[in-house]
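Remarks on the structure that follows.
The values are calculated or read from the model by the stated rules, or taken from the named source; none is laboratory data. Owing to the predicted nature of the structure, the values given are computational and were not obtained by experimental measurement. Reconstructed Cβ throughout: ideal geometry from the backbone, glycine too, with neighbour counts over all protein chains shown. Just so you know, the surface numbers come from the protein's heavy atoms only, side chains and all, with ligands and any DNA or RNA stripped out. Shrake-Rupley method; radii C 1.70, N 1.55, O 1.52, S 1.80 Å.
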Amino acid sequence: MSDAVDADQVVVALDVGGTGMKCALVRPDGVTVRTERHPTNASRGPTAVVGTILDVAEGLAEKARADGLTPIAVGIAVPGVVDEARGVAVWSANVGFRDVPLRGLAVRRLGLPTTLGHDVRVGGLAEARLGAGRGTGHVLFVAIGTGIAAAHVVDGRAAVGAHDAAGEIGHILVRPDGPRCGCGRPGCLEAIASASAIGRRYAELAGATADAPVTAAEVAERAAAGEPLAGEVWQEAVEALADGLATGQALYDVATIVLGGGLAQAGDRLLTPLRAALHERMTFHREPRLVAAALGDEAGCLGAALLALDAVGVRDHQEKR
Ligand SMILES: [Zn+2]
């Protein structure tokens, strides 16, 4: 940790997703000075995607220098299985990575210290330090989108796990006789409560009367408008989520649970019934504060920057701002 941080220092940060890359120059105090978005075009294959990542990172470093700033590190976040210690993107379903040594490639290309992080873990890091979990030492960040994954952040550090797989809360078994999960087992949390599972369940029950495919956000809206079928599907998801979060709370005893990802955009339509369902499940455990994420889709990029800053020993106590 350094007390004096040069005002002109920035980190080159990239959050690589299946469809797009969110990219930024971030100061050590967590302030973003430039943002860019680029398509991932994952169908081109991993080699082309890696080429784009390196081009974009190098371009941002050059723009920083042109603006009189000094790039001091690079932080890259990717989905899937990430070996942070070795800097390898081990596996990713939606980007197609298989054992890509991204950190080494970036170091060689940019000549800057580089860290590779997991998209949800760095998103949790950012929410815990700069967003909705700010000021609380123990945070569980839960991202609910096409899948469900979590990051357990203690004092500003996200646990990685012994096999780089901490936080797979979506695969907590909540309904043993429930629908089959993408992982192959029936009854996982994300097979019932992910945004895609909610849309699928609604379509299944609506049967022939279903109009176009219905998103989870629309199910929430219809439930709020009093449609019984939507209400039933939404409540099923809420109960399953509460079961998963109660397990999380039993394991981690956090002060704050931050809900992110697409489903969290349902706001109080999700938070209000979920708080009630979680409350019902608490016995002697202390009930966590349940809040929506505050950083939106920039959390991954900010978190990638924080991870890079931590790695080079610059931690300007963003919390102090
Ligand atoms: Zn599963």
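Odds and ends about this structure:
- Value of relative contact order over the chain, rounded to a whole percent, pairs C-alpha under 8 Å and six or more apart: 21 percent
- For the chain, built as a Gaussian network whose Cα springs stay under 10 Å, the top-fluctuating residue of 16, 154, 139: 154
- Extension gain for residue 138 to residue 212 (0.36 nm times residue separation, less C-alpha to C-alpha distance): 22.5 nm.
- Amide H to amide H, with H built 1.01 Å from N, residue 91 comes under 5 Å of 81, 99, counting only residues 5 or more places away or on other chains.
- A Gaussian network model of the chain, with springs between Cα atoms under 10 Å, assigns the largest mean-square fluctuation among 229, 245, 189 to 229.
- Using a probe radius of 1.4 angstrom, the carbon and sulfur fraction of the accessible surface of the chain is 53%.
- Applying the criteria of a DSSP loop state and at most 14 other Cβ atoms within 10 Å to the chymotrypsin sites (Phe, Trp or Tyr not before Pro) of segment 231-319 yields 284.
- Between the amide H of residue 73 and those of 12, distances stay under 5 Å, these residues lying 5 or more places away or on another chain, with hydrogens modeled in the peptide plane.
- Spin-label pair residue 62/residue 287, simplified geometry with 7 Å Cα→Cβ offset, distance in nm: 5.6 nm
- Each residue of segment 59-64 was assigned a 3J(HN,Hα) from its phi angle through the Karplus expression (A = 6.51, B = -1.76, C = 1.60, θ = phi - 60°), giving x, 5, 4, 5, 5, 4 Hz with x at Gly and Pro.
- Distance from segment 191-239 to segment 129-157 (C-alpha centre basis), Å: 27 Å
- Shape of the chain, Cα gyration tensor, a/c cut at 1.5: prolate
- In sequence order, segment 270-284 has phi-based couplings of 9, 5, 5, x, 5, 4, 5, 5, 5, 4, 4, 8, 7, 10, 8 Hz under the Karplus curve 6.51 cos²θ - 1.76 cosθ + 1.60, θ = phi - 60°, and Gly or Pro positions carry x.
- Taking amide H as placed 1.01 Å from N in the peptide plane, residue 144 has its amide H under 5 Å from the amide H of 260, 261, 262, 263, 264, each at least 5 places away in sequence or on another chain.
- Difference of contour (0.36 nm per residue) and Cα-Cα distance, residue 108 to residue 85: 6.5 nm
- Surrounding net charge for residue 232, when Lys and Arg each add one and Asp and Glu each subtract one, Cβ distance under 14 Å: -2
- Per residue, the accessible area of segment 87-134 comes to 34 Å² when a 1.4 Å probe rolls over the protein heavy atoms.
- Anisotropy class assigned to segment 187-307 is oblate, per the alpha carbon gyration tensor with a/c at or over the 1.5 cut-off and a/b no larger than b/c.
- Residue by residue, segment 27-33 carries 3J(HN,Hα) couplings of 6, x, 8, x, 8, 7, 9 Hz when phi is fed to the Karplus relation 6.51 cos²θ - 1.76 cosθ + 1.60 (θ = phi - 60°); x denotes Gly or Pro.
- For segment 250-321: rounded, prolate or oblate by the Cα gyration tensor [a/c cutoff 1.5]: oblate
- Over all other residues within a Cβ to Cβ distance under 11 Å of residue 99, the charged ones net out to +1, with Lys and Arg as +1 and Asp and Glu as -1.
- Euclidean distance between Cα centres, segment 24-56 to segment 75-100, Å: 14 Å
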